[in-house]
Each structure stands twice: as C-alpha cells, then as structure tokens.
Amino acid sequence: MENELINIKNNAVSLILDSNDPKDLEEIKLQFLGRSGKLTLAMKELPKIDPDKRKEVGILANEVKETIENTLKDKEQQLKHVNIKTKIEKIDVTNPGIRPPLGHLHLITQAILEITDIFERIGFTRVRYPEVEWDWYSFGALNFPENHPARDDWETFFIDEEPNKKFGPMLLTPHTSSGQIREMRNVVESASGGEIPPIKMLNIAKCYRRQSDVSHTLMFHQFETLAIAEKVSITDLKGVLDYFAKAYFGPDRKTRIRPYHFEFTEPSFEVDISCGMCNGQGCKLCKEGWLEMGGAGMVHPNVLKNAGLDPNKYTGFASGWGVERVLMMKEGIEIDDLRLLYSNKLEFLEQF
Ligand code: DAH
C-alpha cells in the first residue's frame, strides 16, 4: 500500500510538472483526485488495512494528497503568469486602437454656435442675461399693457417670490426680448451721460412657456438681434435678414417681411423665408413658396424711452426667432416631434 501511494505521488507530480496547459491540469486532477481517481480509490482501501498499520498509511495518504494538490496549485499559477506574458508579447502596436465612444455637441448647441458665428461676422456681439427675470424687463418696459394675455399664468411661468416694487413679479423669461432692455440700459449706464455707442446685440437664451406638443417644448431657445444707432432703418433690418437667411440656409434663399403686430416694435413684421424644397414655387411644406420664420420690427419709441434712450435721436431694429424652428427648417433636418430634442434619447441624438 505504501509503495502504491508513493508511485501515485511520483506519477502525478511528474505529469503535473510536464504539462503546459491548464486544461491538462484539470484532467490530471480528475485522474488522481476525482471521484474515481487513483488516489481516491487507493484511499478507499484504507479500512481494509491492518488496524495497527492503518494510521501510518492514512497519514502517508494525506501527505500524498497534499503534495499533489500543492503541485497542481503552483503549476496553475505558473501557467497563468506565462499566459499573461505571452499575451503581452503578442500585442501588435501597429494595429489601429479601439475608439472609445465619443459624444458630440447637442444639436441645439451646434445651431447656437453657427448662428453666433454668422452674426459675429457682421459685428454683432453675443450677450447673456438672466433667465429668471422681472416682469418689467420681459413685458412692462417692452410696452406690453398691464392685462396682456402673454402675462397670464397659462402662458408664462411665474416664480413664487415677493414681487419687486419697481419691476413687478419674478418669472422665467418667456422670450429673449427682455435682453433688449437689459442691453440698452447697460449701454446707457456705462455711457453715463456721454455719447451712446452703436448697439449690435445678439441675445441667445433659453425661454420658457407653458406649452408642450409636437412643435412646442416648455423650454426652448430664441435668438434676438437688436441694432441701435442714429438713423437705423428698415433697409438695415432687411439687409441683415437677407444676410442671415443666405448664410444659414443657403445662397438661394430670399426673405420677405409682412406687416404684423408686436407691442415693442413699430412697424412690426413677420419674416418669411423662401422655401428650400420648392424654391419659392409652392409645395406641401410651405405656404405658396414661403415659410414663416419669426418676428422683427423697428424698436418702438416707448421701448427706447423706457431704456433711457432719446427716441428722437436713436432708432433701431430688433428680431426674435426660435433656434429650434430655424434648425428644423434647415434643409436635411426633419424632426417630427420637437420634444425628442430634449428627451436624451441617444438613438435620436446620435444621428446628428
Ligand atoms: N419676442 C417675440 C416672441 O417671442 C418675437 C419678436 C418679435 C422679437 C418681434 C423681436 C421682434 O425682437 O422685433 O414672440
């Protein structure tokens, strides 16, 4: 029995040391230590041994088992190490790497950057004003009457805050026109009675209204221009509109202005752009060849006065359009539901 055990040990150890593959080690383990492995079967014979020799043989059998297990463990470790080493040696540094997933700017951010660039080229400066604003800047100073429906709770979000004595209730800016007042007052204040430099403002900001359907979201973006100087005329406005339409939509696009009404401009216009699908001929996308873009007009004298400017000396134009709207009108970008823009669905956003 002792000899048999020693043979088993020698046999197992040499097989283990000779093997180069973790799979072989598994087999060797089964062959010796498995349920019908050589050592297991030998150990089953122990009870048949003379009682006075049994203990000694039992100890030997356990030693053999331990030796086989330890040798197996050491060899496994050794093979693992070799494996890592050969793997490292196999790396081909000339292979192109795996690109980590890269994000990109949101579609609206891209549009804002493009719009900013277009206006900066003709001397407009992008400004930022508060999104949480006082009624006076958003409505009052813009010549809105006290009972104008835009002020209603179902149009504008009001903030639960003590109204300001001078500026009225606090709200979320429903349009970027509030920036007109902020800009003019800033310029007037910094001129402190001296010469007022020409103003060419581009205010792009988030706006908030109580609206949500396929073409409206609670939060959206507008870009507002304001140009103030002595003798600014409708011709200047028309020139800037044409310039923007061609730069943003393409050189074949034209603009037209139609009379309209806004509280803060006089005269006021609705601006249309010729349809890119039918080239102004009329198709199912447009109204007789034209697409509606947004509002514009000559700054109302009351607005100039409220901002601290003399309407007899200064004139100016303003325009305010939706970023989401112009983006959707740009050729090649069709979005059935505007709310998708802010849904954070990667399947949607990754397309752009
Ligand atoms: N603030 C207007 C709106 O949100 C848009 C607008 C119209 C802005 C005419 C202007 C303008 O500057 O002149 O509906």
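The values are calculated or read from the model by the stated rules, or taken from the named source; none is laboratory data. Note that this is a predicted model, so its numbers are computed, not measured. FYI the Cβ positions are ideal-geometry reconstructions off the backbone, even for glycines, and counts take in every protein chain you see. Heads up: the accessible areas ignore ligands, DNA and RNA and are worked out on the full protein's heavy atoms, side chains in. Shrake-Rupley method; radii C 1.70, N 1.55, O 1.52, S 1.80 Å.
Magnitude of the Cβ-charge dipole of the chain, K/R +1 and D/E -1, about the Cα centre, nearest 20 debye? Spell out each step's value before the answer.
Details: 45 positive and 54 negative charges, 100 e Å.
That gives a dipole near 480 debye.
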Open item on the list: Given a 10 angstrom Cα cut-off, can you work out which residue in A150, A42, A191 is the most mobile in a GNM of the chain?
Closed with: A42
- [ ] May I ask which of K9/K75; K231/K305; K284/K345 have a Cα-Cα span longer than 18 Å here?
- [x] K284/K345
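Would you mind calculating the gained length between F167 and K305 on full extension (0.36 nm times residue separation, minus the Cα-Cα distance), in nm to one decimal? List each step's numbers first, then the result.
Values: separation 138, 0.36 × 138 = 49.68 nm, distance 1.60 nm.
Net length gain for the segment: 48.1 nm.
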Task: Angle in degrees between helix 22-33 and the longest Cα principal axis of the chain, rounded to the nearest 10 - done: 40 degrees
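Could you state, as a whole-number percent, how many of the C-alpha pairs of the chain are farther apart than 31 Å? Walk me through the numbers before you get to the answer.
On the way: 34298 of 61776 pairs.
Considering the chain, 56 percent of its Cα-Cα pairs are separated by more than 31 Å.
Could you give the accessible area per residue of segment 142-289, probe 1.4 Å, as a whole number in Å²? Walk me through the numbers before you get to the answer.
On the way: 7780 Å² over 148 residues.
I get 53 Å² per residue for segment 142-289.
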Task: In Å², nearest 10: area of L338 left accessible to a 1.4 Å probe - done: 10 Å²
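Please compare each pair in K23/K80; K29/K87; K29/K65 to a cut-off of 20 Å on the Cα-Cα distance and tell me which ones are over it.
Numbers: K23/K80 12 Å; K29/K87 26 Å; K29/K65 11 Å.
Over 20 Å Cα-Cα: K29/K87.
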Open item on the list: Just to be sure I understand the model, the point goes 7 Å from the Cα along the line to the Cβ. What's the resulting M328 to R210 distance in nm?
Closed with: 2.2 nm
- [ ] State the extension gain, in nm to one decimal, for the chain segment bounded by E292 and E2, taking 0.36 nm per residue of separation less the distance between their alpha-carbons.
- [x] 94.3 nm
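Per 0.36 nm of contour for each residue apart, how much would the distance between D52 and N344 grow if the chain were fully extended, relative to their Cα-Cα spacing? Write out the running numbers ahead of the final one.
Values: separation 292, 0.36 × 292 = 105.12 nm, distance 7.98 nm.
Additional length available on full extension: 97.1 nm.
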TODO: Pick out, in residue order, every one of the GluC sites (Glu not before Pro) in segment 126-199 that is DSSP loop and has at most 12 other C-beta atoms within 10 Å; say none if there are none.
DONE: E146, E161, E195
TODO: Specify the angular offset, from 0 to 90 degrees and rounded to the nearest 10, of the alpha carbon long axis of helix 2-18 from the longest principal axis of the alpha carbons in the chain.
DONE: 40 degrees
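How long are the semi-axes of the equivalent ellipsoid of segment 1-115, taking √(5λ) for every eigenvalue λ of the Cα gyration tensor, in whole Å from largest down?
Working: eigenvalues 687, 57, 19 Å².
Equivalent ellipsoid semi-axes, largest first: 59, 17, 10 Å.
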TODO: Ignoring everything but the protein chains, give the 1.4 Å probe accessible area of K9 in square angstrom, nearest 10.
DONE: 60 Å²
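Could you work out the relative contact order of the chain? I mean the mean sequence separation of Cα pairs under 8 Å and 6+ apart, divided by the number of residues, in percent.
Numbers: 520 pairs, mean separation 48.9, N = 352.
This gives 14 percent for the chain.
So for D24, D50, what's the accessible-area order with a 1.4 Å probe, most first?
Working: D24 65, D50 90 Å².
Descending accessible area places them as D50, D24.
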Open item on the list: For R121, what accessible surface area do you get with a 1.4 Å probe? Give it in Å², rounded to 10.
Closed with: 150 Å²
- [ ] Provide F119, F158, F167 ordered by accessible surface of protein heavy atoms (probe 1.4 Å), highest first.
- [x] F158, F167, F119
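Compute the semi-axes of the equivalent ellipsoid of segment 169-209, taking the square root of 5 times each eigenvalue of the Cα gyration tensor, and list them largest first in whole Å.
Working: eigenvalues 124, 28, 5 Å².
One finds semi-axes of 25, 12, 5 Å for segment 169-209.
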- [ ] Kindly sort L105, L33, L291 by accessible area of their heavy atoms, largest first, with the probe set to 1.4 Å.
- [x] L105, L33, L291
- [ ] Grab the DSSP H runs of the chain that are 4 residues or longer, score each as -39,500 (n - 2.57), total them, divide by all residues and round the 222 nm result to the nearest 500 deg cm²/dmol.
- [x] -12500 deg cm²/dmol
- [ ] Give me the distance between the Cα centres of segment 248-312 and segment 34-61, rounded to whole Å.
- [x] 101 Å
TODO: Would you list, by chain and number, the lysines whose Cα falls below 29 Å from the Cα of K287, excluding same-chain residues fewer than 8 positions away?
DONE: K206, K238, K246, K254, K330
